[in-house]
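In what follows, a structure is listed as structure tokens, so that the remarks can point back to it.
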Amino acid sequence: MKLASFKGGRDGRLVVVSRDLAWCVDASPIAPTLQAALDDWERCGPQLAGLADELEHGFAPRQRFHETEAASPLPRAYQWADGSAYLNHMELVRRARGAEMPESFRTDPLIYQGGSDGFLGPRDPIPLANEEWGCDLEAEVAVIADEVPLGATRKEALAAVRLVMLANDVSLRNLIPGELAKSFGFYQSKPASAFSPVAVTPDELGSAWKDGKLHGAVEVELNGAPFGEPDAGVGMAFDFGVLIAHCAKTRSLAAGSIIGSGTVSNPGADGGPGRPIAAGGVGYGCIAEQRTVETLLEGSPRTPFLKAGDIVRIEMRDENRRSIFGAIEQTVIAA
């Protein structure tokens, strides 16, 4: 099934969305919000699935679903833990700031604790106070988990995945080096993220959800032009079971915790960093990667970071070219 939250109040209003994203039905008689449903998933999950079935067969009082009315599926969450599971991305962004890739990064997941008290909606603008901060998009996959006990195994962690969605993890690249130099992680360099209009249960994804990974091209557009289409199932060194189990090594996770994959990034066929779309490659899920490759090939970066007026779009389609999660489409504005 597919779930979304219409804007309203701090936590939105839960609706069930049709497979083609054209229709929805109010789910408040079952749970007023997605967080409320996750808190009582054993009861609410089957009821929501039944409502989704009624919607598909025309038995539910439906209304048109408009992505512009949607908040992020969880407008705020108890936890947002974002990983960096694609080694190609880690290698490129570290190379961009002159940092070596520690060997442990290939065997142990890298995860940071993001701000979760408020997410941008999938069509909300990205506020940017200073263009010198180097604002970047990051196209990612994220999952929403049920409760995960301390010390959970990979299998137990995967069983806790309730919903899958896309993310735009906005980053301020020029603030990152200074923050990391303090050896205390990201904070100012990671403003509010946005998630796709719709979150989808793993069973609804069919073969696109396999081995704890989402498979398929994540389509990224910048100002209406193709920027990247990396496959989320390629080059992911740590699947979501591993990422969630890593998060739960020393503490349990509450229902509604969001775990991100990090920027989806594919190496080139030759094992190198890949090529831009314009050069016949699959492109990139963030601007920093393209700038790094431009520097390697041409001596300096040519692609600027985001500025006011730029438009970012992130989407994934099924084999029939139908949107699976709806689109994240955001315009950068001066804050």
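Assorted remarks:
- For ALA225, the conditions (1) within 25 Å of GLU131 (Cα to Cα); (2) in contact with a Phe, Trp or Tyr (Cβ under 8 Å, 6 or more places away or on another chain) are fulfilled apart from (2).
- Reported count of residues in the range 254-272, each being part of a loop (DSSP other than H, G, I, E, B) and within 21 Å of the chain's Cα centre (by Cα), is 7.
- Checking each residue in the range 273-302 for being open to solvent by less than 20 Å² (accessible area, probe 1.4 Å) and in contact with a Leu (Cβ under 9 Å, 6 or more places away or on another chain) picks out GLY274, TYR284, GLY285, CYS286, ILE287, ALA288, GLU289, THR292, VAL293.
- Scanning the range 127-155 for residues that are open to solvent by 70 Å² or more (accessible area, probe 1.4 Å) and part of a strand (DSSP E or B) returns a single hit, PRO127.
- Only one of the listed residues (LEU205, LEU180, LEU158) is modelled with pLDDT under 95, of a type in the set (A, V, I, L, M, F, W, C), more than 20 Å from LEU120 (Cα to Cα) and in a helix (DSSP H, G or I). That residue is LEU180.
- THR292 assigned to a helix (DSSP H, G or I) and among the hydroxyl-bearing types (Ser, Thr, Tyr): yes
- When residues of the range 1-34 are limited to those that are farther than 20 Å from GLY326 by Cα and not hydrophobic (A, V, I, L, M, F, W, C), the one farthest from the chain's Cα centre (by Cα): PRO29
- Candidate set from the range 220-229 (those that are among the aliphatic types (A, V, I, L, M) and farther than 19 Å from ILE324 by Cα); member that is most open to solvent (accessible area, probe 1.4 Å): ALA225
Condition check ((1) under 23 Å from ASP40 (Cβ atoms); (2) over 19 Å from the mean Cα position of the chain (by Cα); (3) touching a residue at least 12 places away in the same chain (Cβ under 8 Å)) across all residues:
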| site | (1), (2), (3) |
| --- | --- |
| GLN79 | yes, no, yes |
| ASN88 | no, no, yes |
| PRO122 | no, no, yes |
| ILE126 | no, no, yes |
| GLY134 | no, yes, yes |
| GLU140 | no, no, yes |
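- The range 230-256: number of residues that are under 25 Å from ALA278 (Cβ atoms) and surrounded by fewer than 23 Cβ atoms within 10 Å (Cβ to Cβ): 4
- When each of ARG275, ARG251 is tested for being at pLDDT below 95, assigned to a loop (DSSP other than H, G, I, E, B) and either polar (S, T, N, Q) or over 30 Å from LEU21 (Cβ atoms) (or both), the lone residue that passes is ARG275.
- Pair list, Cβ under 7 Å, 6 or more apart: the range 166-180 residue open to solvent by 30 Å² or more (accessible area, probe 1.4 Å), other residue outside any helix (DSSP H, G or I): ARG173/GLY134; ARG173/ASP136; ARG173/PHE305; ASN174/GLY134; LEU175/GLN188; LEU175/SER189; PRO177/ARG97
- Residue match in the range 263-277 (condition: within 30 Å of THR153 (Cα to Cα) and out of contact with any helix residue (DSSP H, G or I) (no Cβ under 7 Å at 6 or more places or on another chain)): yes
- Long-range neighbours under 8 Å by Cβ, at least six apart or interchain, first residue without any contact (Cβ under 8 Å) to a residue 24 or more places away in the chain within the range 40-58, second open to solvent by 50 Å² or more (accessible area, probe 1.4 Å) and not in a helix (DSSP H, G or I): none
- Pairs with Cβ under 7 Å, 6+ apart, first in the range 298-311 and on the phi < 0 side of the Ramachandran plot, second open to solvent by 60 Å² or more (accessible area, probe 1.4 Å) and assigned to a strand (DSSP E or B): ALA308/ILE333; ALA308/ALA334; ILE311/GLU329
- Filter result (open to solvent by less than 60 Å² (accessible area, probe 1.4 Å) and polar (S, T, N, Q)) within the range 82-117: SER84, ASN88, SER116
The values are calculated or read from the model by the stated rules, or taken from the named source; none is laboratory data. Computed from a predicted structure; not experimentally measured. With ideal geometry, Cβ positions are generated from the backbone for all residues, glycine too; neighbour counts draw on all protein chains shown. Just the protein is used for accessible areas: all its heavy atoms, side chains included, with ligands, DNA and RNA removed. Shrake-Rupley method; radii C 1.70, N 1.55, O 1.52, S 1.80 Å.
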